[in-house]
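A short worksheet on the structure shown next.
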Amino acid sequence: MRDWLSDKRYLALLVLIALLILAVGNWLRPRQQVAEFAISEAERLRLQFLAQQRSLRDFTSYFERVAGSLGVHLVRLIEPNTSGLVWQGNRVLVPGLPRNHSSIFTLRSERFEQQASPSLVVPGLPISILESRSSQGFQAVRGDDTSALKPGAWVLLMTRQEDGSTGYSPGFFSSVSTATCGDNYVKEIATSLPLDASMLGGGLFDLEGHFLGMVLQCGPRLVAISVNSIYFWLQLASRSSERLLQDYGIRLLSLNARSSAHFQQTEGALISEVWKGSPAEMVGLVPGDIIISWDAVPVQKPDNVYTLQPKSPGEVLNIEIIRGQRVLKLTLEAISGGWWSRASSTAALGLQLELPEAGYLIESTEPGSPAQSVGLQAGDRVVMIDGRTVSRQQASLALNTAIIEEPIYVVVSRDEKTIGVLLP
Amino acid sequence: MNELSSLGLILLFALFAGHLVKFLRLPEITGYILAGVVVGPSFLGWVSHENLSTLSVFSEVALGLILFSLGSIFEMDRIAAIGRGVARITLTESAIAAFLVTGGMLAFGQPWQVSFLLGAIAMETAAASTLMVIRECNANGALTDTVTGIIGLNNIFCLIGFSLVAALIDLTTTDPNVTFIQTLYQSLYPLVWQLVGSVALGFLVGVLLASWATRVIEHGELSILLIGCMLLCVGVALVLDLSTLIASMAVGATLSNLSTHSKRLFSALSRTDPPFYAIFFVIAGADLNLELLGSIGVLGVVYVLGRSSGKFLGAHIGARKAGLPEVVRRWLGVALMSQAGLAIGLTLIINRRFPEYSGAVSTVVLAAVVVYEMIGPISARFAITRSGEAQPRVSEPAESLF
């Protein structure tokens, strides 16, 4: 047998036959191996579902990893109940703080809890800054412009939950638009994520961990405000006019021709806005008062006040103002950080007094009317006209008969402040 | 744990378990299988399902090598001497095992399709584990020759039987859009293709191996040639939908008939392949799902009993008819208990081809495989030692490393 096979010619023939069998057999093979490999539709769907479920799970664990690395930027403010973001060092960015609160706040993160005090609270600004006792365990966010972001890119909205755990929701970036928030125009980030109260103070991040924006309260709405707008606000808050607002609760205007004529005063700084509960209100300053001396420095215009070195907290200063025909001397105490709640509360008795709803309600302002052009709004309450409290009749008479040659100075109460305007 | 450390763990654990079971006078491969069960997902989970599927390529190679060495028994002179008897015995024991299992299943109210599929699968005897036990016992004699012959043929018979049953099921489920001829072609052609094509492929690879082997002298080069050819054979067989089992055996058969160097090649193999075998059996053990034992149920018991008694009875009757000596008649059936490889492969085919019957068939077969993989090698070793064909292994003098 072996001899027969060892003949090279026979072997070559056999090899040829084998090759032929393989070639022909493979060619004849049922092409679609229906019977052999068919998978039922149900099985196919199940496999597909499993594959999708698997990749979704991969997705989720990817988000979890990103979210886990972003947790170091987030804190929870216990009272009021919001999230906050570590901004620089031991400074924490939080939504605009309420005033009926003691000046000690508690911050909570995954591992620790620590106390913080207000560092920057500008009346009317939707963000505030708290300063914690130490910066241990904090890591500041890295801000990034949204301009590089394409619509449809993944974003994560990160919050610190009440129990200290990190919360995140993934969504898509859609666009950046301009919106009004308080008195300013801001950049609003639109995403696929619905915002609710539990997300207030949360941060919006891209998947590389760049901080894009923060969820803040703008009037009745919750808005994701872009980092650029936050920078803008913080710059604004560091201006000297805003420092004056933070420390004393007043805004100043320089006297123009009309107001000079009306108040019969050519030099000084006109107080146009006084915040309720502020040191200025405590000593009785009202819109329409004209500052002529600030800490023994004569004042010709607001810049004279702005250029002075700000006082440290608790320091007092003497000012002179003109109200009507009289010159008044007052003593003002600076309270830094705009944190006036202790000053306004009658702390000794443990009471907090709410101001009565004084004045007459402006129900509407006609578009294009002088009232609207100077900034009066529906909802404002008329408190004083030309430095005097007035009856309803006097008020409507004065408002109806005011003419350009003989303007009246109207003080209205709006939300947390009183504002003075010259009408018409 | 990654694949490499899994692999290392598998090898060391296998060696350790192999030493351990020798004290209990159990076959080494039982130790490997038990080691696999312990490190596998059923117990410790050091080797995960993902690891197993990555390592399955080693299993393919190992199975190829095992069947390659099994193929050496198909030497022409040997076939002329004992071929007829072995074929008759194989036919008898396969047929009786299939008959008993099918009958038992029908008696317990199973549909005829399930009963026939299980009957066809019951024919199979695991080539790998039985051959390894023979090798470990260094067995030589009439029983050993008969057993090696039977396990070679047995798998082919099982494949044929299974294909016929599958064709029958296809033919009875009449699809109005498909003609009778088409159905016949669809269901029987794969059988013909797997038999003829696999032999052709194995022959080609065998010729390549034999003609190249004359030019290779070093032992290391011989191993490279051998493993390269086996990988090629198994790979091409998978691509062409051929039977890796038959193709690998055909390589061995071709080689032993063509080459005068075949002895040298097979001995080179036996020095190269132990790590592959260890991996193969540990993976087989790790793949065993012990939880299935709980769900074996009445059908599983019927299957195990039917197949065992069928094998035993069939081997006895067949051996008597063939006029084999008393010792072979008594122990042949006991040596044929193992069941694994092809049976598992066939359940996978059933899963794809007859999903409506796969639930019952898979549960029974996979649970029975757990039983047979445990008792099969032990009973085979028992039969071989009792028959007196086991011989002490001549251990090669290991050179000291220090």
Spread of Cα-to-Cα distances over 10 Å intervals beginning at zero, given as percent, for chain A:
4, 17, 21, 18, 13, 8, 4, 4, 3, 3, 2, 2, 1, 0
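Considering Cα pairs under 8 angstrom that are at least six residues apart, work out the relative contact order of the stretch A:40-238 and quote it in whole percent. Let's see the in-between values first.
Numbers: 413 pairs, mean separation 38.1, N = 199.
Computed over the stretch A:40-238, the figure is 19 percent.
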For the stretch B:131-170, using Cα atoms only, the Rg and Dmax in Å read 14.7, 45
Sequence-distant or interchain residues sharing an amide H contact under 5 Å with A:Gly143, placed H: which?
A:Phe211
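What shape does the stretch B:1-91 take by its C-alpha gyration tensor, where a ≥ b ≥ c are the square roots of the eigenvalues and a/c under 1.5 counts as rounded, a/b above b/c as prolate, and the rest as oblate? Walk me through the numbers before you get to the answer.
Numbers: a/c = 3.03, a/b = 1.99, b/c = 1.53.
Judged from the Cα gyration tensor, the stretch B:1-91 comes out prolate (a/c at least 1.5, a/b above b/c).
Which of A:Lys311, A:Lys329 has the fewest other C-beta atoms within 10 Å, and how do the rest follow up to the most?
Exposure proxy ranking, most exposed first: A:Lys329, A:Lys311.
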Length gain on complete extension for the stretch A:Leu207 to A:Leu236, per 0.36 nm per residue less the alpha carbon to alpha carbon distance?
7.4 nm
Computed [θ] at 222 nm, deg cm²/dmol, chain B (DSSP H ≥ 4; -39,500 (n - 2.57); rounded to nearest 500):
-26500 deg cm²/dmol
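What average number of partner chain Cβ atoms lie no more than 10 Å from the Cβ of the residues making up A:14-24?
Values: counts 5, 6, 0, 2, 13, 4, 1, 8, 11, 1, 1.
The per-residue average across the peptide is 5.
How high is the relative contact order of chain B? Use alpha-carbon pairs under 8 Å, at least six apart in sequence, and give a whole percent.
Computed value for chain B: 30 percent relative contact order.
Take every Cα pair under 8 Å in chain A that's 6+ residues apart, average their separations, divide by the length, and report that relative contact order as a whole percent.
Working: 799 pairs, mean separation 43.8, N = 424.
About 10 percent, as a whole number.
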Simple spin-label model, 7 Å along Cα-to-Cβ: A:Glu110 to B:Leu313 in nm?
6.8 nm
Sorted from largest down, give the three principal axis spans of the alpha carbons of the stretch A:40-238, whole angstrom values.
68, 38, 27
Relative exposure of B:Tyr277, A:Tyr231, judged by other C-beta atoms within 10 Å (fewest first):
A:Tyr231, B:Tyr277
Can you work out ³J(HN,Hα) from phi for every residue in the stretch B:94-103, in order, using Karplus 6.51 cos²θ - 1.76 cosθ + 1.60 and θ = phi - 60°, giving whole Hz and x for Gly and Pro?
5, 5, 5, 4, 5, 5, 5, 5, 4, x
Is the shape of chain B best called rounded, prolate or oblate, per the rule: a/c under 1.5 gives rounded, else a/b larger than b/c gives prolate, else oblate, with a ≥ b ≥ c the square roots of the Cα gyration tensor eigenvalues?
rounded
Starting from the amide H of A:Leu252, placed 1.01 Å from N in the peptide plane, find each other amide H under 5 Å away whose residue is 5 or more places distant or on another chain.
A:Ser272
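Can you give the local net charge around B:Thr146? Use residues other than it whose beta-carbon is closer than 14 angstrom to its beta-carbon, Lys and Arg +1, Asp and Glu -1. Display every interim value, and only then the final one.
Details: positive: B:Arg78, B:Arg84, B:Arg88, B:Lys311, B:Arg320, B:Lys321, B:Arg329, B:Arg330; negative: B:Glu93, B:Asp145, B:Glu326, B:Glu389.
In short, +4.
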Relative exposure of A:Ser272, A:Ser117, A:Ser293, A:Ser128, judged by other C-beta atoms within 10 Å (fewest first)
A:Ser117, A:Ser293, A:Ser272, A:Ser128
Partnerless Cys - the protein assembly as shown, beta-carbon criterion under 4.7 Å
B:Cys137, B:Cys158, B:Cys229, B:Cys233
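Below 11 angstrom from the Cβ of B:Ser53, what's the summed charge of the other residues (Lys, Arg +1; Asp, Glu -1)? Mind showing how you got there, number by number?
Values: positive: none; negative: B:Glu3, B:Glu50, B:Asp287.
Every neighbour counted, the sum reads -3.
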Among rounded, prolate and oblate, which fits the protein assembly as shown when a ≥ b ≥ c are the square roots of the eigenvalues of its C-alpha gyration tensor, a/c under 1.5 means rounded, and a/b larger than b/c means prolate?
prolate
Whole-Hz ³J(HN,Hα) from phi, Karplus 6.51 cos²θ - 1.76 cosθ + 1.60, for the stretch A:292-308, glycine and proline x
10, 8, 10, 6, 6, 9, x, 10, 9, 8, x, 4, 4, 6, 4, 6, 6
Given the DSSP H assignment, sum -39500 (n - 2.57) over each helix run of at least 4 residues in chain A and divide by its residue total; what's the result at 222 nm in deg cm²/dmol, nearest 500?
-8000 deg cm²/dmol
First measure r as the distance between the Cβ atoms of B:Leu184 and B:Ser48, then evaluate 1/(1 + (r/R0)^6) with R0 = 35 Å and state the FRET efficiency to the nearest 0.05.
0.20
Provide the FRET efficiency to the nearest 0.05 for the B:Leu238-A:Asp415 pair, computing r from the beta carbons and using R0 = 56 Å.
0.10
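Every number here is computed from the coordinates shown, using simple stated rules; none is lab data. On a predicted model such as this, the values are computed, not experimentally measured, just so you know. FYI the Cβ positions are ideal-geometry reconstructions off the backbone, even for glycines, and counts take in every protein chain you see.
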